[in-house]
Amino acid sequence: MVGRGWTLVNAPAFGAQGMTLNGTTQYATIPTSRMTAPFLGGAPNEISFVVTFIPTFAAAEAVNRAFYDGVAPNRYIAYRDATAPNYNLYFYAGATTLVGTVAIAAYGGLWLVGQRNQIVAALRSGANVFYLNGAQIGTSAVVWSKLLLSSLLYSGCATAGTMFFAGTLSDRAIFGRQLTPAEVSNLWNVGTL
């Protein structure tokens, strides 16, 4: 991330496994101008977000934690909500369209505290699929429109400087199309499509 157009906020630590965030003040941003291809190219109304991470928090922790967020009105966000008993994972795409909600009952058994995890939002308008650690954890038929992010993509917090991620963000990728189940499996098992 360092030297690739990212702005680091409050000095997150870097190591062999990625950017480690304290869960209270640290995050990174990148201007939309540095990553237009997945939003302007690729398949119409398809996009996939992949985040590889090592959480220091449990799936049922009572604090909201964001993986990524884009400035509204054209907003893409994935976060883990702190509301019991569901501790939902929420996914938004396009404007401010909620395209998926996955409850802890579907993903909690796959969540690995202190170990490598990977979340994938493989989105196609009307046929959205969500994965954790290579396993499908949810789908939705929500229709949405692919729009270019407004100005910045935040990594490790929500745009309002809230929902700070606690742990290490190892890798982030955006693809201009919906990844297939085989590609998601390959990303988790071997690290490539």
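The values are calculated or read from the model by the stated rules, or taken from the named source; none is laboratory data. Every value quoted in this text rests on a predicted model; they were computed, and no experiment measured them. Cβ sites come from the backbone with ideal geometry, for glycine too, and all protein chains shown count toward neighbours. What goes into the accessible areas is simple: the full protein's heavy atoms, side chains included, and nothing from ligands, DNA or RNA. Shrake-Rupley method; radii C 1.70, N 1.55, O 1.52, S 1.80 Å.
Numbers at a glance
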item	result
Within the chain: Cβ-based charge dipole about Cα centre, in debye rounded to nearest 20 (Lys, Arg +1; Asp, Glu -1)	240 debye
Over segment 132-193, relative contact order from alpha-carbon pairs under 8 Å, at least 6 apart, %	37 percent
Accessible surface of residue 147 - all protein chains present, 1.4 Å probe, nearest 10 Å²	60 Å²
Accessible area (Å², 1.4 Å probe, nearest 10) - residue 163	40 Å²
Tail weight of P(r) past 15 Å, computed on alpha-carbon pairs of segment 25-79, percent	62 percent
Net charge, residue 16 excluded, C-beta distance under 15 Å - Lys, Arg +1, Asp, Glu -1	0
Quarter of the Cα convex hull surface for segment 39-193, i.e. its orientation-mean projected area (nm²)	8.0 nm²
Contact order normalised by residue count of the chain, Cα under 8 Å, 6+ apart, percent	32 percent
